[in-house]
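Q: A single structure is presented below for examination.
The values are calculated or read from the model by the stated rules, or taken from the named source; none is laboratory data. Keep in mind that what you see is a predicted model, and the values were worked out from it rather than measured. Methodologically, a virtual Cβ is constructed for each residue, glycine included, from the backbone with ideal geometry; neighbour enumeration extends over all protein chains shown.
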Amino acid sequence: MIKTPLPTTAASDNDLELKIQDYLQRLDSVELTADALVKELEYSTLNFSQFQTLARFLHSAGLHATLVDLVTRKLADGSFTPWAHYADSLVRSLKAVTPHNQIPINIAKNIVSGALSENALSELSRTKVLDAFETELPEEREKRRNLAQILRAHHRESILDQLQLLQSQQLFDQEEELLQQFQNEFPEDSALEPLWRDFKDRKAQAYLSWRSERNPSRTNAFRFPPEVKDPEVEKAFKIVSSQMKALAQKDPALTADFALAHIFWDSQSEAAEILASESDLSAKGWLRCEALVKSQRFVELLVLIEELQKLEHLDPEVSFACSYFRAQALWGLGKKIEALQMMEGVVQLRPQYRSASALLDEWKEQYS
């Protein structure tokens with residue numbers, strides 16, 4: 001009767017992993033742990049996932065004879081056989097006692113036959129020790145490799161789809177956790193750096209927008225908290241700021257974090273200087289616009305807006321953002337009527353954008 005591996009829950013596999021860790025901690029010996037596990041499980045019917053976990057531990061520990069003995073005794077009890085670990089351990093054990101390190105043909109054929117009887121040739125193909133006795137093993141191995149690549153590609157796309165969903169919902173904590181998972185699983189992926197850069201930029205923008213909406217008066221370019229007067233604090237801050245600027249120039253990935261830190265410290269001009277070193281305007285351009293507004297560097301802001309608009313001149317979101325910042329630059333340069341007209345257009349396009357509405361109301365009150 002052919003035994004087909006059934007799906008197993010992660011919990012069963014995880015329970016055995018925890019059991020192995022517990023024995024190792026209490027017994028402080030790989031050999032004693034192996035003996036305890038074998039005694040506990042030798043009369044239990046193990047599913048495929050459980051037996052793989054146990055076989056992987058024994059094989060990694062170099063206890064090949066123990067593994068061979070256990071599998072041999074459990075071949076008839078209904079447990080699913082970890083054929084690759086079994087074959088590899090059996091070959092390692094036999095090489096030490098057979099002439100010229102040759103594997104007896106009858107033993108090799110019996111292993112292949114056993115794997116075929118359980119429809120597990122693919123599992124056996126995980127090891128190369130029996131390739132000389134079964135021509136289908138390399139083919140099965142290639143199929144496994146191709147399938148693994150396909151599943152990995154699907155998994156990657158699934159993570160990217162989840163990231164896109166979290167981005168649309170602005171769930172930054174969950175997005176950061178998923179990005180970290182993506183980095184752990186695909187550390188060399190070319191999409192990784194742009195994803196992190198975009199995440200940090202959007203998070204910074206969201207925080208700035210949230211702060212402005214909670215404190216509408218802070219959006220006025222002329223209202224800033226007083227500068228720190230303590231000379232010792234100011235001296236220390238200049239040292240830290242200088243070091244951050246130098247580090248940001250060496251590693252652009254730090255630019256957004258350091259700039260945001262300066263914005264939190266109400267050091268808008270220094271934030272703008274740090275962001276000016278970033279050559280990729282699409283990544284940190286909008287954060288730099290915010291810093292230029294708050295540091296009242298309006299001419300520089302207008303120049304930056306022109307550069308940003310050239311990048312994505314057909315994107316309505318870019319046009320909207322450029323109008324929003326251009327209106328603030330015009331107001332700061334004293335062109336109040338033009339600024340009011342432009343901000344009114346922004347509010348008409350996005351009446352729900354509270355920062356623009358609050359700023360327009362404040363300007364009207366000042367201008368009247």
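Q: Could you grab me the full set of residues in the stretch 26-39 that are under 39 Å from the mean Cα position of the chain (by Cα) and exposed (fewer than 13 other Cβ atoms within 10 Å of the Cβ)?
A: Across the stretch 26-39, the qualifying residues are Arg26, Asp28, Ser29, Glu31.
Q: Could you check, for the stretch 308-317, whether at least one of its residues is at pLDDT 70 or above, aliphatic (A, V, I, L, M) and exposed (fewer than 13 other Cβ atoms within 10 Å of the Cβ)? Explain how you work it out, then say what you get.
A: If we filter the stretch 308-317 for residues that are at pLDDT 70 or above, which is where we start, we get 308-311, 315-317.
Okay, now just the ones that are also aliphatic (A, V, I, L, M), so 308, 311.
Going one step further and asking which of them are exposed (fewer than 13 other Cβ atoms within 10 Å of the Cβ), we end up with 311.
Yes, the stretch 308-317 contains at least one residue that is at pLDDT 70 or above, aliphatic (A, V, I, L, M) and exposed (fewer than 13 other Cβ atoms within 10 Å of the Cβ).
Q: Next question, about the same structure. Pull out all pairs, ordered by first then second residue, where Cβ-Cβ is under 7 Å, the residues are six or more apart or on different chains, the first lies in the stretch 349-365 and is in contact (Cβ under 8 Å) with a residue 60 or more places away in the chain, and the second is of a type in the set (Asp, Glu) and in a helix (DSSP H, G or I).
A: As it stands, the answer is Arg354/Glu213; Ser355/Glu213, since those pairs meet every condition given.
Q: If you don't mind, another one. Given the structure, is Arg73 of a type outside the set (Ser, Thr, Tyr), surrounded by fewer than 18 Cβ atoms within 10 Å (Cβ to Cβ) and in contact with an Asp or Glu (Cβ under 8 Å, 6 or more places away or on another chain)?
A: Numbers: of a type outside the set (Ser, Thr, Tyr): yes; surrounded by fewer than 18 Cβ atoms within 10 Å (Cβ to Cβ): yes; in contact with an Asp or Glu (Cβ under 8 Å, 6 or more places away or on another chain): yes.
Yes, satisfied.
Q: For Lys74, are the conditions met, namely being within 35 Å of the chain's Cα centre (by Cα) and basic (Lys, Arg)?
A: No; evaluated as a whole, the condition is false for this residue.
Q: Can you tell me which residue within the stretch 72-93, out of those that are within 23 Å of Ile105 (Cβ to Cβ) and outside any helix (DSSP H, G or I), is modelled with the lowest pLDDT? Break it down into steps so the answer makes sense when it comes.
A: As a first pass, look at the stretch 72-93 and keep what is within 23 Å of Ile105 (Cβ to Cβ): 72, 75, 81-93.
If we keep only those that are outside any helix (DSSP H, G or I) too, we end up with 75, 81-82.
Working: Leu75: 78, Thr81: 84, Pro82: 89.
Taking the candidates together, the pick is Leu75.
Q: Taking the stretch 300-336 as the region of interest, how many residues are assigned to a helix (DSSP H, G or I) and out of contact with any helix residue (DSSP H, G or I) (no Cβ under 8 Å at 6 or more places or on another chain)?
A: Of the residues in the stretch 300-336, the ones assigned to a helix (DSSP H, G or I) are 300-311, 316-332, 336.
Filter again for out of contact with any helix residue (DSSP H, G or I) (no Cβ under 8 Å at 6 or more places or on another chain), leaving 303, 306, 310, 316-317.
Total satisfying the criteria: 5.
Q: Residue pairs, Cβ under 6 Å, 6 or more apart or interchain, first in the stretch 155-173 and among the hydrophobic types (A, V, I, L, M, F, W, C), second surrounded by 10 or more Cβ atoms within 10 Å (Cβ to Cβ) and assigned to a helix (DSSP H, G or I). List them.
A: Filtered contacts from the stretch 155-173: Ile159/Phe182; Leu163/Leu178; Leu166/Gln174; Leu166/Glu175; Phe172/Lys203.
Q: Would you be able to tell me the number of residues in the stretch 323-341 that are small (Gly, Ala, Ser) and over 44 Å from the mean Cα position of the chain (by Cα)? Spell out how you get there, then give the answer.
A: Taking the stretch 323-341 as the starting set, the residues that turn out to be small (Gly, Ala, Ser) are 323, 327, 329, 332, 334, 339.
This time we only want the ones that are over 44 Å from the mean Cα position of the chain (by Cα), so: 334.
Within the stretch 323-341, residues that are small (Gly, Ala, Ser) and over 44 Å from the mean Cα position of the chain (by Cα) number 1.
Q: Of Gln169, Gln180, Gln174, which residue is modelled with pLDDT of 85 or more and either hydroxyl-bearing (Ser, Thr, Tyr) or surrounded by fewer than 13 Cβ atoms within 10 Å (Cβ to Cβ) (or both)?
A: Values: Gln169 fails: modelled with pLDDT of 85 or more; Gln174 fails: either hydroxyl-bearing (Ser, Thr, Tyr) or surrounded by fewer than 13 Cβ atoms within 10 Å (Cβ to Cβ) (or both).
Testing whether each residue is modelled with pLDDT of 85 or more and either hydroxyl-bearing (Ser, Thr, Tyr) or surrounded by fewer than 13 Cβ atoms within 10 Å (Cβ to Cβ) (or both) leaves just Gln180.
Q: Determine, yes or no, whether Ala120 is at pLDDT below 85, surrounded by 12 or more Cβ atoms within 10 Å (Cβ to Cβ) and within 15 Å of Ala87 (Cα to Cα).
A: On the way: at pLDDT below 85: yes; surrounded by 12 or more Cβ atoms within 10 Å (Cβ to Cβ): yes; within 15 Å of Ala87 (Cα to Cα): yes.
It is true that Ala120 is at pLDDT below 85, surrounded by 12 or more Cβ atoms within 10 Å (Cβ to Cβ) and within 15 Å of Ala87 (Cα to Cα).
Q: Only residues in the stretch 296-322 that are polar (S, T, N, Q) count as the first member; pair them with residues that are modelled with pLDDT under 85, Cβ under 6 angstrom, at least 6 apart or cross-chain, and list the lot.
A: From the stretch 296-322, the pairs are Gln296/Ala221.
Q: Residues being part of a helix (DSSP H, G or I) and under 34 Å from the mean Cα position of the chain (by Cα): count how many of those fall in the stretch 47-71.
A: Initial filter on the stretch 47-71 (part of a helix (DSSP H, G or I)): 48-60, 64-71.
Narrowing further to those that are under 34 Å from the mean Cα position of the chain (by Cα): 48-60.
The total comes to 13.
Q: Then there's this: So which residues in the stretch 110-162 are hydroxyl-bearing (Ser, Thr, Tyr) and assigned to a helix (DSSP H, G or I), if there are any at all? Please lay out each step first, then the result.
A: Kept after step one, since they are hydroxyl-bearing (Ser, Thr, Tyr), are these residues of the stretch 110-162: 113, 117, 122, 125, 127, 135, 158.
Hits for the stretch 110-162 are Ser113, Ser117, Ser122, Ser158.
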